[in-house]
Structure formats: C-alpha cells, structure tokens
Amino acid sequence: MLNKLDKAMIIKMISVSIIMLLVSYSAIFLLVKQVVEQESQKNMIQKARALTVQIEHVRHYISGMVADKVFDPGLLKEAQKYIERKNAKSKEEIIKIAKLTRFYSTIPIVSSWTIGQGRSPDSLHKFRVVRIGARNKKHEAIPKEREMLEHMVENDLDEYWIVDNEINSLRYMKAVIMKKECLVCHGTVADYPEGKGYDPLGIKMEGWKEGEQRGAFEVISDLKPLQETVRKVQYDMIGIGVLMVLMLVFSVPLWFKMLQRGDS
Ligand code: HEC
C-alpha cells in the first residue's frame, strides 16, 4: 500500500508536471502565433510588391509604345481640340474631359493604374495611386499616406509599408519616380516650351525633375483574413493544450495503480 507521503509526493510531481507543461506550452503558443502572423504578413507584402512590379512593367511597356509611335500622334491633337471645344479650363474640368478621349488611355501612368485597379476588384485589396498635391483630388494623400510618402522621400526608400490600425489594414507603397517621358506634362517650361508652363492638355505643369519621387502606387490589404487565420491556429492550439492537461490529470489514478503494483 502507498503511504501518505508517497501520495503527497505523487500529487506534487503531477502539479509540477502540469505547471511545466503549461509554461512550455504557453511559450510555444506565443511563438506559433508570432510566426504565423509574421509569415502571413510577409506573404501579404510579397503579393502587394508583385502587383506593383507588374503595374510598373505596364507603364514601361506603354511608354515604349509611345516612344515607338505605336499610337497615332494625332490622338493628342484630337484631345486638345475636344478640350477646347468643351471649353474646359480648370484642372478638374480638363481631367474630366480628357478621360473621354482616346489619348487619355495612352498616357502610360494612366494605363498602369487602371490595370492596377482592375487587378484588385475584391474588397480585401484596394489599389490606389497617391501623391501630395495631386492633380486629381481622388489621388490626394490622406494624412497617414502623406506621412508614409514623406518618410520614403526622407529615407530614399523605394518601398514602404505600415499597419494602419484605424482601418485594420496593411498599407504598402511603391515609389513612383519621375522619368524623362513624364516631364512633358509634369516637368518645367523647358520640357514643353510651347505650353508656356502648361502641359499638352492644358494643365499647369508642376516643375518636377527626373529622378524625383512624386507619389506612390499603394496596395491596401485588409488584415482580417490574417487575423482569422491566427485566431484559428490559436483555438486549435488551446484545444490541444486542454487535451494534454486532461490526459495528464486523468492518468493520475493509473499512476497510483502502477505504483501500488510495484509496492506489493
Ligand atoms: C500627357 C501628359 C502626362 C504625362 C506624359 C504623364 N502624366 Fe502623370 N498625370 C497626367 C494627368 C492628366 C493626370 C491626372 C489624371 C487623372 O487623374 O485621371 C496625371 C496624374 C498622375 C499621377 C497621379 C496623381 C495625381 O496627380 O493625380 C501620378 C502619380 C503621375 N501622373 C505620375 C506620372 C509619371 C510617373 C509619369 C511618367 C511615367 C507621368 N505621370 C506622365 C498627365 C500626364
């Protein structure tokens, strides 16, 4: 027969085992949570990066087509005439009218962001082009985006991302850099002298230079699916943890029996 001392000893051993199990299991639990979270976020960033890289390729490709005169140069004249006929004067009016012309879709940056928006039709991912002092109000950076853009310029970053807790999303940005071919519209008078400070469509030129970062392509990804994955893993792990403790507790009578047998 087991004496009282043995019983107390076994109970102590079991308690210590349960505590050790709980501590090590909690550590694994936290580690797994962190790893799943990090990996899912990395995956999200990679997807956003892949999308913006593709969008940049579209821009290069269309720029090449413009340079090779694939598009009829008469399209610009047609657009200019249409803008004049509609008597569009302000930036907003010109953009609105220009959008209806064939020339508009041959502007490389316009075709690239149009494709970007088309590639993110679900509500979980949004594609945006943003800038401080945008031509189009729709593209104007909100304060958080402004901070990101400023951070990118200050630190000379080509890409940058943050978690925006307000909208529970990941904001990923890829810098939009002024190229030579952009300057005819966004550059200085010297880049388009006949416009006298206005671009071929009649919008005031910004006076920017080649190589400057002027805005970004942005992918906004909802973090909810990631959080749901983490939560599911957590629930599964809690389930396994409870099962382990229960098994340990229910094995107590078995231990007593085994020890009793060894005693007799
Ligand atoms: C033919 C003139 C023209 C050229 C060339 C041009 N853009 Fe623009 N850009 C515009 C117009 C017009 C808009 C506003 C269009 C709209 O909102 O639909 C615009 C808008 C933008 C925007 C969005 C922010 C905003 O101001 O609304 C970015 C970013 C941009 N351009 C970058 C570039 C880059 C980079 C290049 C060169 C690769 C370039 N653009 C070449 C005319 C041009």
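Any read-out appearing in this document is the output of simple, stated calculations on the displayed coordinates, not a laboratory observation. Since we're looking at a predicted model, the values are computed, not measured. Every residue, glycine among them, receives a Cβ derived from its backbone with ideal geometry; neighbour counts consider all protein chains shown.
The figures follow:
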| read-out | value |
| --- | --- |
| Any hit, region 49-63, residues being β-branched (Val, Ile, Thr), in contact (Cβ under 8 Å) with a residue 40 or more places away in the chain and in contact with a strand residue (DSSP E or B) (Cβ under 7 Å, 6 or more places away or on another chain) | yes |
| Scan of region 157-182 for residues that are in contact (Cβ under 8 Å) with a residue 60 or more places away in the chain and near the ligand (Cβ under 9 Å from one of its atoms), ordered by number | VAL176, LYS179, GLU181, CYS182 |
| Residue pairs meeting the criteria (Cβ under 9 Å; at least 6 apart or on separate chains; first on the phi > 0 side of the Ramachandran plot, in region 200-222; second assigned to a loop (DSSP other than H, G, I, E, B) and not small (Gly, Ala, Ser)) | GLY202/LYS89; GLY207/THR188; GLY211/MET178; GLY211/LYS179; GLY215/ILE132 |
| Of residues in region 133-148 being loosely packed, with under 13 Cβ neighbours inside 10 Å and of a type outside the set (D, E, K, R), the one farthest from the ligand (Cβ to nearest atom) | PRO143 |
| Criterion (assigned to a helix (DSSP H, G or I) and among the aliphatic types (A, V, I, L, M)) met by exactly one of MET173, MET237 | MET237 |
| Filtered residues of region 183-203 (kept if near the ligand (Cβ under 8 Å from one of its atoms) and either over 36 Å from the mean Cα position of the chain (by Cα) or part of a loop (DSSP other than H, G, I, E, B) (or both)) | ASP199, PRO200, LEU201, ILE203 |
| Hey, GLU154 among the acidic types (Asp, Glu), at negative phi and either in contact with a Lys or Arg (Cβ under 7 Å, 6 or more places away or on another chain) or within 14 Å of the ligand (Cβ to nearest atom) (or both) or not | no |
